[in-house]
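Take a look at the structure below.
The values are calculated or read from the model by the stated rules, or taken from the named source; none is laboratory data. Owing to the predicted nature of the structure, the values given are computational and were not obtained by experimental measurement. All Cβ positions, glycine included, derive from the backbone under ideal geometry; neighbour counts span all protein chains shown.
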Amino acid sequence: MSTTAAPAPAPAARSLDAARVRADFPILSRTVRGKPLVYLDNAATSQKPRAVIEAVTRYYTAENANIHRGVHFLSERATEAYDAARAAAARFLGAGDSREVLFTRGTTEGINLVAQSYARTNLRPGDEILITAMEHHSNIVPWQIVAQQTGAIVRAAPIGDDGELDLDAFASLLTHRTRLVALVHLSNALGTINPVRRIADLAHAAGAVVLVDGAQSAAHLGVDVGALDCDFFACSGHKMYGPTGIGLLFGRAELLERMPPWQGGGDMIESVTLEASTWAPIPGKFEAGTPAIAEVAGLGAALEYLDSLGLDAAAAWEGELLEYATQQIAAVDGVRIIGTARDKASVLSFTMDGVHPHDIGTILDDDGIAIRAGHHCAQPVMRRFRIPATARASFAVYNTMDEVDALIASLQRVRSVLG
Ligand code: 7TS
């Protein structure tokens, strides 16, 4: 190594200032069972920064009105704010056109919308939907339902012992019968990052459309639907530092325009007679009824907040946390990491010899540490690894190395208590 070369930046130099970030999240200063809260269940839902809480409060305190319905001041303001949040969401997702971004209740609803609107009208008996063996139930069950309705078949590409998608097997399952490929970007059970662009290229070459489940990736990897070249992308506000009950579905305009509405009601129509109705242009066609206006305001604030941190810096910090935790957990006797893909982010799933994951979770809770124990709504993953459940620590921007140390110390306590 040349002595004149500039020294490599210390990890801290490219990191977020976690202490400063933590100060933005009021809940992080509370205690749990008399101990400081160590919140490591971010894959289930993230905590909310003050900016999001204040946006929701401000809306109800000073701005509350229905959108698209009134000529009065507040309704016009609410409509403008709602439309501005859609434009911000389009920028966040890398969508060129904000008409391509629909507000949903979350990832689950976005996937069901595509299943019941796009897939239900386009699939014929014998057509195939190709998923992977690492999907969350919300990217399995909607396809099974629409398969029953249409006579289509759901196939699943297998994963290896490391939790990586078997790309050769995927390619051989992709045939002229495959009409739709639906896969997770970042697995909530394993932490695996899938090579979405490569898969989208293969799928498109086979004539299939591609839906990406971005529930975990949106806040931890960053998203550019153009670069991913997906046709649909679904994510959830509550996993992105935003409110519950709100999510985003990106869909390519030419697909959305050809899809029928999936719910009927106010706001999604152009005209209604007692005999028949015609539909509003997208995105309105897919947003029947009064939407989650306060939650949209909160989500808009969350996207602004993420922007202010910088997703690259956030992802880099979470990568350091995951790497450190992965190293440190190896020192705990009998721990087996489930999900050792080369490309991973923010999720550390593991088992401990002779100890049920629920018991790990309970002892950690006693120390004020929140992790999740269970099948993580990914039962096929558990079956694949022949385990009933895992314990899972999942990281977010506000977590610290000290919290990783607390996790490891608590796991050592589990080991000594339960042998
Ligand atoms: N897809 C993935 C990959 C997920 O992790 C989740 C939620 C969903 C879809 C569904 O998102 P929702 O917001 O519509 O519920 N995952 C988890 C989890 O890992 N623990 O709790 C919820």
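Would you confirm whether or not region 317-325 contains a residue that is touching a residue at least 60 places away in the same chain (Cβ under 8 Å) and within 25 Å of ALA84 (Cα to Cα)? Show your work before the answer.
Filtering region 317-325 down to residues touching a residue at least 60 places away in the same chain (Cβ under 8 Å) leaves 317-318, 320-322, 324-325.
Going one step further and asking which of them are within 25 Å of ALA84 (Cα to Cα), we end up with none.
The answer is no; no qualifying residue exists.
Of everything in region 29-43 that is surrounded by 17 or more Cβ atoms within 10 Å (Cβ to Cβ) and either within 15 Å of THR244 (Cβ to Cβ) or polar (S, T, N, Q) (or both), the residue that is farthest from the ligand (Cβ to nearest atom) is ASN42. Each residue in region 371-410 was checked for being away from the ligand (no atom under 16 Å from the Cβ), part of a loop (DSSP other than H, G, I, E, B) and closer than 14 Å to HIS136 by Cα, and 0 pass.
Screening ASP161 with (1) buried (at least 23 other Cβ atoms within 10 Å of the Cβ); (2) over 22 Å from the mean Cα position of the chain (by Cα) gives one miss only, at (1).
Yes/no per residue for (1) at pLDDT below 95; (2) surrounded by fewer than 23 Cβ atoms within 10 Å (Cβ to Cβ); (3) more than 27 Å from SER217 (Cβ to Cβ); (4) more than 26 Å from the chain's Cα centre (by Cα):
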position	(1), (2), (3), (4)
ILE360	no, no, no, no
ASP365	no, yes, yes, no
PHE385	no, yes, no, no
ARG392	no, no, no, no
ALA396	no, no, no, no
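Could you please let me know if ASP353 is modelled with pLDDT of 95 or more, over 29 Å from VAL21 (Cα atoms) and not aromatic (Phe, Trp, Tyr)? When the stated conditions are applied, ASP353 passes them. Checking the structure you have, find out if any residue of region 256-264 is touching a Leu at 6+ places or on another chain (Cβ under 9 Å), more than 10 Å from the ligand (Cβ to nearest atom), among the aromatic types (Phe, Trp, Tyr) and under 24 Å from PRO380 (Cα atoms). No - not one qualifying residue is present in region 256-264. Of THR61, THR79, all but one fail to be in the same structural domain as ALA294 (by TED's automatic domain parsing) and crowded, with 17+ Cβ neighbours inside 10 Å; the exception is THR79. Kindly check whether there is at least one residue in region 111-118 that is more than 16 Å from the ligand (Cβ to nearest atom), under 26 Å from the mean Cα position of the chain (by Cα) and buried (at least 17 other Cβ atoms within 10 Å of the Cβ). Yes: region 111-118 contains one or more residues that are more than 16 Å from the ligand (Cβ to nearest atom), under 26 Å from the mean Cα position of the chain (by Cα) and buried (at least 17 other Cβ atoms within 10 Å of the Cβ).
Filtering region 70-91 for residues that are under 30 Å from ARG258 (Cα atoms), within 16 Å of the ligand (Cβ to nearest atom) and in contact (Cβ under 8 Å) with a residue 40 or more places away in the chain leaves a non-empty set.
For ASN66, the conditions (1) within 16 Å of the ligand (Cβ to nearest atom); (2) surrounded by fewer than 21 Cβ atoms within 10 Å (Cβ to Cβ) are fulfilled apart from (1). All but one of (1) surrounded by fewer than 17 Cβ atoms within 10 Å (Cβ to Cβ); (2) more than 18 Å from LEU249 (Cβ to Cβ); (3) polar (S, T, N, Q) hold for THR132, so report the exception by its number. That leaves (1) as the condition not met. Applying the criterion of being within 14 Å of SER117 (Cβ to Cβ) and within 22 Å of the chain's Cα centre (by Cα) to the residues of region 233-255, the residue that is nearest to the ligand (Cβ to nearest atom) is ALA234. All of (1) more than 16 Å from the ligand (Cβ to nearest atom); (2) not assigned by TED's automatic domain parsing to the domain that holds GLY361 hold for GLN47 with one exception: (1).
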